[in-house]
Amino acid sequence: MRIAILSCLDFSVPGGAERFFIDMAMALDATIVCLSYNPSLGDCYPLAKDVKFHALNVSLPNEPLKQVFGMRLFRSLKLDYDFFIATDDMALRFISNGRPHCYIMLTPRRALYDMYYQTIADLSLSKKLIYVPVLSLFRFLDRRFVMKNVSHIAGISHNVRNRIWRTYQRQAYVLYPPIHLENYHNRGYGDYWLSVSRIDKWKRVENLIEAFREMPDKKLKIAGKIYPSFKHLTSSAPPNVEFLGAVTDYDLITLYSNCRGFVTMAIDEDYGLTPLEAMACGKPVVAAKEGGYLETVVDGHTGLLVSPDPFSIRDAVCRIDKNPELYEKASWVQAARFDYKLFKEQISTYVHTLAGA
């Protein structure tokens with residue numbers, strides 16, 4: 001069976017979504033149909049070399065026009081495959097009732113739904129006058145299309161499944177993105193804590209900074225792309241907080257392997273893959289008591305789930321930092337539940353069952 005994974009992404013850097021789609025393609029022997037593909041991706045993420053890509057070699061404008069042009073692009077495509085997996089609301093426009101398919105969602109578009117008011121609140125008055133009617137129209141069209149054309153939906157966590165129900169009143173199957181357990185090792189508990197996150201308004205990085213300002217004897221390293229409007233955080237942070245920027249997968253695994261523990265506080269995180277990567281190295285996790293973290297972090301066993309305020313973060317880090325090795329075995333056992341081998345079996349059964357239905 002020839003399977004196509006449809007994505008409105010440029011596969012040039014191994015972000016979380018890109019790695020998940022590559023894992024899907026490997027598990028299903030599928031082809032990723034995407035905007036573009038840079039062969040150098042395989043140098044920093046070797047698994048990409050084992051996947052087939054069908055690059056459209058198209059460049060789209062920035063949001064919100066990207067969504068409009070992306071929908072038009074996928075609606076006009078002629079693709080010859082037996083089964084299609086849509087992964088975003090732009091690629092979804094290729095789907096119709098006549099094509100065998102499923103929609104595997106990272107999340108319903110958050111600016112349209114659960115983070116609509118936060119998105120609007122950050123805009124100037126002139127932009128609000130434009131975005132409010134535009135987002136309302138997109139929300140109406142998105143719901144109508146899904147209800148009319150989509151037969152089967154899967155989400156990447158129970159948290160996302162609940163969002164799908166609230167958004168579309170549709171049941172969704174849960175497919176957790178995997179980790180490759182054999183790639184992770186515990187090389188000891190070094191002198192720093194680690195956080196892996198892009199630096200933007202949804203990640204509460206400023207709360208981590210303030211927590212470690214209260215702990216000048218403890219170090220925090222933050223790995224991830226720094227968005228321009230948040231560069232001021234790097235200059236105002238205390239000396240014990242270090243921003244590493246984007247790092248390669250090899251360097252990232254080295255950071256996980258040698259840290260004392262991992263800390264993350266994103267707002268209502270879709271899933272929470274980075275805590276699993278840390279736990280695969282036997283490292284304890286301090287995470288916000290909300291969202292997908294509730295599904296990956298076992299409170300009191302693989303780390304602590306806390307309020308996202310700086311003082312709660314500080315207290316949890318100080319508590320764990322005394323004996324981080326106590327969490328090693330439970331962390332590894334929990335991470336093993338999300339291994340790629342189990343994911344491959346699950347997604348293969350799911351897709352081939354749908355295709356044969």
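The values are calculated or read from the model by the stated rules, or taken from the named source; none is laboratory data. Keep in mind the model is a prediction, meaning the values are calculated, not measured. Cβ sites come from the backbone with ideal geometry, for glycine too, and all protein chains shown count toward neighbours. Just so you know, the surface numbers come from the protein's heavy atoms only, side chains and all, with ligands and any DNA or RNA stripped out. Shrake-Rupley method; radii C 1.70, N 1.55, O 1.52, S 1.80 Å.
Observations on the structure shown:
- Cα shape, region 243-357, gyration tensor, a/c 1.5 rule: prolate
- Just so you know, the Rg over Rh for region 17-110 is 0.95, from Cα atoms, with Rh as the Kirkwood radius.
- The figure for Trp332 is an accessible area of roughly 120 square angstrom, using a 1.4 Å probe on the protein chains alone.
- Residue-count net charge about Tyr37 - beta-carbon cut-off 15 Å; Lys, Arg +1, Asp, Glu -1: -1
- Computed Rg/Rh of region 118-216, alpha carbon atoms with Kirkwood Rh: 1.11
- About its Cα centre, region 272-357 has a charge dipole of approximately 140 debye under the convention of +1 per Lys or Arg Cβ and -1 per Asp or Glu Cβ, with nothing else charged.
- Each of Asn159, Leu181, Ile209 was placed along the dipole of region 135-219 (beta-carbon charges, centred on the mean Cα), and the one lying farthest toward the positive end is Asn159.
- Dipole in debye (nearest 20) - region 1-62, about Cα centre, beta carbon charges: Lys, Arg +1; Asp, Glu -1: 120 debye
- Using only Cα coordinates, the Kirkwood hydrodynamic radius of region 181-251 works out to 13.1 Å.
- Computed accessible area, Glu214, all protein chains, 1.4 angstrom probe, square angstrom: 90 Å²
- Taking Arg204, Arg144 and ordering them by how much accessible surface each has at a 1.4 Å probe, largest first, produces Arg144, Arg204.
- Signed unit charges on C-beta, dipole axis of the chain, positive-most listed residue Met1, Leu276, Trp332: Met1
- Calculated FRET efficiency for the pair Ser126/Lys225, C-beta based, R₀ 30 Å, to 0.05: 0.60
- Per-peptide average of other Cβ atoms within 10 Å, ordering 341-350, 154-163 highest first: 154-163, 341-350
- In the context of the full protein assembly, Asp122 retains an accessible surface of approximately 100 Å², using a probe radius of 1.4 Å and ignoring ligands and nucleic acids.
- Two-decimal Rg/Rh across region 1-157, once Rg and the Kirkwood Rh are taken from alpha-carbon atoms: 0.98
- Compactness of the chain - radius of gyration and Dmax, Cα, Å: 20.6, 62
- Value of [θ]222 nm, deg cm²/dmol, for the chain, DSSP H segments ≥ 4, -39500 (n - 2.57) each, nearest 500: -12000 deg cm²/dmol
- The chain: DSSP helices with Cα axial extent of at least 24 Å and average Kyte-Doolittle hydropathy no lower than -0.5: 125-149
- The dipole here belongs to the chain: it is taken about the Cα centre, uses +1 on the Cβ of Lys and Arg and -1 on the Cβ of Asp and Glu, and is about 1120 debye.
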